[in-house]
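Q: Here it is, the structure, as structure tokens.
The values are calculated or read from the model by the stated rules, or taken from the named source; none is laboratory data. Nothing here was measured: the structure is a model prediction, and the numbers come from that model. Virtual Cβ from ideal backbone geometry, glycine too; neighbours counted across all protein chains shown. Areas reflect the complete protein model, heavy atoms only, side chains present, ligands, DNA and RNA absent. Shrake-Rupley method; radii C 1.70, N 1.55, O 1.52, S 1.80 Å.
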Amino acid sequence: MRAPAFCKTKCRINDWSVENDSEIAYDALKVLVGWRQNEEGASVLRYVMLFLLGLAVLVPGITQLPPIDRDEARYLQATKQMVESGDFVDIRFQTEPRYKKPIGIYWLQSLSVGLTGGGEDAPVAAYRMVSVVAVAASVASIYWLGQAMFGPAAGLISALMLAGLFGAGFEGRLAKTDSVLLLVSILAQGFLARIYLAGREGTKAPASMAWGFWVAQGVAILVKGPITPFLSALTVLFIMIFDRGNGRKWLADLRPLRGIALMVLIALPWLALITWKSGGAFWHEALGRDMLGKVASGQESHGAPPGYYIVTYSLYMWPFGLIAIIGGTNGLRRMFTDPRLMFCVAWYIPLWLIFELIPTKLPHYVLPVYPAVVLLGGWFLSLPPGDLPRPLWWQRLLHGITGFGVVVVTLGFSVIAVAVPIYIAGNFSFWSIPVVLLLLMACWFGLGYGLELSPIRRVLVATLTATTAYGLMFSAILPNVDQIWVSQQIADRFEAEKACEDSVLAAVTYHEPSLVFLTGTNTLLTGPDSAANHLLKDPECAMAAVPDEDAPAFLTALSASDARAEGGEPISGFNYSKGKQTSVRLYRIVGN
């Protein structure tokens with residue numbers, strides 16, 4: 001068997017026929033949409049087509065997947081309450097303040113819900129469209145940055161890689177902040193890169209780059225606080241330390257004084273309003289408990305030792321982790337001779353190292369730095385054969401570990417596609433077969449094996465096979481495993497059996513946020529005694545969802561008032577938030 005082209009001794013691209021950037025780029029565009037090289041408006045059309053590609057690979061599944069606990073469901077419910085109440089300043093989950101994140105994502109989701117016309121009854125897809133659009137825009141944005149830094153071929157390869165990443169495909173289907181944060185981070189870093197590289201070339205970047213940078217920072221603060229400003233500050237600091245011999249005059253092109261004023265102007269109005277409305281509780285929760293709490297210790301059982309993101313890299317960068325790491329290690333070796341590579345390394349390493357040292361860890365925390373290695377992967381594949389030096393031992397070690405990680409993730413995804421329907425639902429899904437085949441194809445092309453294709457075509461095939469696999473997983477396999485969607489089952493049963501239009505459900509110990517979103521803001525998350533009182537106060541309409549282990553205490557509380565409740569058929573499933581099986585029945589009072 002021939003070794004993958006990525007792993008040749010001199011890291012040559014081998015038989016991939018790389019001639020020049022423009023030829024590869026236009027060849028890829030012809031593959032995608034069939035336009036001619038000299039067609040008017042082709043430049044704009046490239047962005048449009050890449051954006052549409054991002055939409056096409058992300059939409060499958062956003063309608064079929066029920067709300068996912070717990071983070072997404074909390075965002076969904078908080079936005080739903082904004083739409084219900086018309087209060088677009090305060091953030092609440094039922095009666096509890098939700099001040100861990102700023103207002104930006106809730107505004108965007110409220111706008112999306114409003115555009116659909118669904119109001120408080122809008123389906124979950126209306127909320128998720130914000131993330132879908134954000135990732136699709138990220139695909140177009142990284143092409144904008146990549147073609148400016150490394151040429152149109154590298155830009156297009158980078159865009160296709162980002163569209164095919166599992167991290168983008170997963171986060172892009174969830175109604176959370178991370179997809180929007182990815183977009184604003186790419187834009188902010190893109191403007192910063194253009195300013196830095198113009199300064200290194202002895203020219204002055206257009207003023208629009210500086211204003212775009214600060215607008216992106218202001219929006220980023222409203223989306224997820226200081227993450228993107230911190231990312232950009234670390235990038236600048238890294239460059240100042242390691243690129244000292246080339247002056248710092250380019251920093252003046254950022255227009256820092258007026259720019260910071262613009263950033264503050266964007267973020268300050270809501271921050272002032274929420275400070276007044278919450279009595280300062282927002283800052284205590286967002287900075288004190290959430291941000292500083294994560295720095296001090298592992299929160300919500302998400303603590304992990306350093307090295308966590310080395311392990312999860314192969315997951316979120318699948319199937320292009322190997323391409324990106326080869327580009328990254330070679331970029332690291334050449335960064336002192338190429339400011340473009342210096343910038344990408346400065347984008348990735350500082351924030352990654354800091355997140356490795358912070359006790360609280362989740363795979364998506366480092367999502368804003370992955371575009372840097374995606375760009376380096378695009379740069380690597382756009383190089384002519386033989387343009388890279390022989391890899392050093394540490395490069396070969398990292399490349400080997402990453403390639404192994406890509407294979408492990410592929411096998412893990414394949415096992416999930418086959419085993420979840422069998423072991424949780426008790427049946428085999430036909431869709432598991434094409435999903436496994438598509439996963440293997442994406443891995444094969446992502447590692448550099450396969451047919452003799454040009455780099456751009458190879459990346460395109462890997463992206464299309466990977467995203468098709470994601471789409472089938474999220475639209476045809478997982479949504480049909482009813483046993484993992486306990487909240488959806490309870491909500492469907494409640495809707496079918498409730499006696500009154502305004503019936504309110506009380507949930508005993510099963511307190512998943514998705515249940516509140518699905519059954520209504522008035523849903524009571526309570527214990528056995530309070531649930532019994534709820535039924536006694538409204539015996540005609542009230543209902544209670546009670547797990548079997550809590551049924552004795554619940555029925556005992558009812559019997560003290562000489563009331564009798566009747567439970568329906570059990571709703572059995574797997575509560576993935578707690579990692580255990582559960583069985584829930586819906587009760588109503590049937591007589592004395």
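Q: Convert each backbone phi in segment 517-527 into a coupling constant with the Karplus relation 6.51 cos²θ - 1.76 cosθ + 1.60 (shift: θ = phi - 60°), then list the ³J(HN,Hα) values in order as whole Hz, x for Gly and Pro.
A: For segment 517-527, the Karplus curve yields 4, 7, 9, x, 4, 7, 3, 9, 9, 8, x Hz.
Q: Which whole-Hz ³J(HN,Hα) couplings does segment 499-515 yield from phi under the Karplus relation 6.51 cos²θ - 1.76 cosθ + 1.60, θ = phi - 60°, glycine and proline marked x?
A: For segment 499-515, the Karplus curve yields 7, 10, 5, 9, 4, 10, 9, 10, 10, 9, 6, 7, 10, 6, x, 4, 5 Hz.
Q: Label-point separation (nm) for PHE242 and ALA419, each offset 7 Å from Cα along Cα-to-Cβ?
A: 3.9
Q: Something else about it: Quick check: at a probe of 1.4 Å, how many percent of the accessible area of the chain sits on carbon and sulfur atoms? Don't skip to the answer; put the middle values down first.
A: Details: 14990 of 24180 Å².
Answer for the chain is 62 percent, counting heavy atoms of protein chains only.
Q: Under the 0.36 nm per residue contour assumption, what length would be gained going from the current alpha-carbon distance of TRP394 and ALA496 to full extension?
A: Numbers: separation 102, 0.36 × 102 = 36.72 nm, distance 6.12 nm.
So the chain would gain 30.6 nm between TRP394 and ALA496.
Q: Let me ask you something else. So, R0 is 51 Å and r is the distance between the beta-carbons of CYS541 and ILE260; what FRET efficiency does that work out to, to 0.05?
A: Rounded to the nearest 0.05, the efficiency is 0.40.
Q: May I pose another question? Can you give me the long-range amide H partners of PHE88? Hydrogens built in the peptide plane at 1.01 Å from N, cutoff under 5 Å, separation of 5 or more residues or another chain.
A: none
Q: Over 25 Å between Cα atoms, which of LYS80/LYS224; LYS101/LYS580; LYS100/LYS277; LYS224/LYS277; LYS498/LYS580; LYS101/LYS498 qualify?
A: Details: LYS80/LYS224 19 Å; LYS101/LYS580 29 Å; LYS100/LYS277 15 Å; LYS224/LYS277 20 Å; LYS498/LYS580 28 Å; LYS101/LYS498 35 Å.
Table pairs above 25 Å Cα-Cα are LYS101/LYS580; LYS498/LYS580; LYS101/LYS498.
Q: Taking all protein chains together and a probe of 1.4 Å, list LYS80, LYS537, LYS100 from the most accessible to the least accessible. Walk me through the intermediate numbers first.
A: Values: LYS80 20, LYS537 175, LYS100 60 Å².
Largest accessible area first, the residues go LYS537, LYS100, LYS80.
Q: Sorting VAL418, VAL369, VAL408 by accessible area (1.4 Å probe), largest first, what list results?
A: Per-residue accessible area, sorted high to low, gives VAL408, VAL418, VAL369.
Q: Now a separate question. Let me know the charge dipole size of segment 412-520 about its Cα centre in debye, to the nearest 20, where only the beta-carbon of Lys, Arg (+1) and Asp, Glu (-1) is charged.
A: Details: 4 positive and 8 negative charges, 122 e Å.
So the magnitude is around 580 debye.
Q: Hey, another quick one. Please determine, in degrees from 0 to 90 and to the nearest 10, the orientation of helix 321-334 with respect to the longest principal axis defined by the Cα atoms of the chain, where the helix direction is its Cα long axis.
A: The answer is roughly 40 degrees.
Q: So what is the orientation-averaged projected area of segment 337-386, using the convex hull of its C-alpha atoms, in nm²?
A: Working: hull surface 17.1 nm².
Result: 4.3 nm².
Q: Please determine, in degrees from 0 to 90 and to the nearest 10, the orientation of helix 152-164 with respect to the longest principal axis defined by the Cα atoms of the chain, where the helix direction is its Cα long axis.
A: The answer is roughly 20 degrees.
Q: Same structure again: How much accessible area per residue does the chain have, counting only protein heavy atoms and a probe of 1.4 Å, in square angstrom? Mind showing how you got there, number by number?
A: Numbers: 24180 Å² over 592 residues.
Averaged over the residues of the chain, the accessible area is 41 Å².
Q: Of the listed peptides 281-288, 200-207, 163-170, what is their order by residue-averaged count of other C-beta atoms within 10 Å, with the highest listed first? Write down the numbers at each step before the final one.
A: On the way: 281-288: 15.9, 200-207: 13.1, 163-170: 26.2.
The densest-packed peptide leads the list: 163-170, 281-288, 200-207.
Q: For LEU524, enumerate residues with amide H under 5 Å from its amide H, sequence gap 5+ or separate chain, H modeled in the peptide plane.
A: Distant-sequence amide H within range of LEU524: LEU505, ALA506, ALA507.
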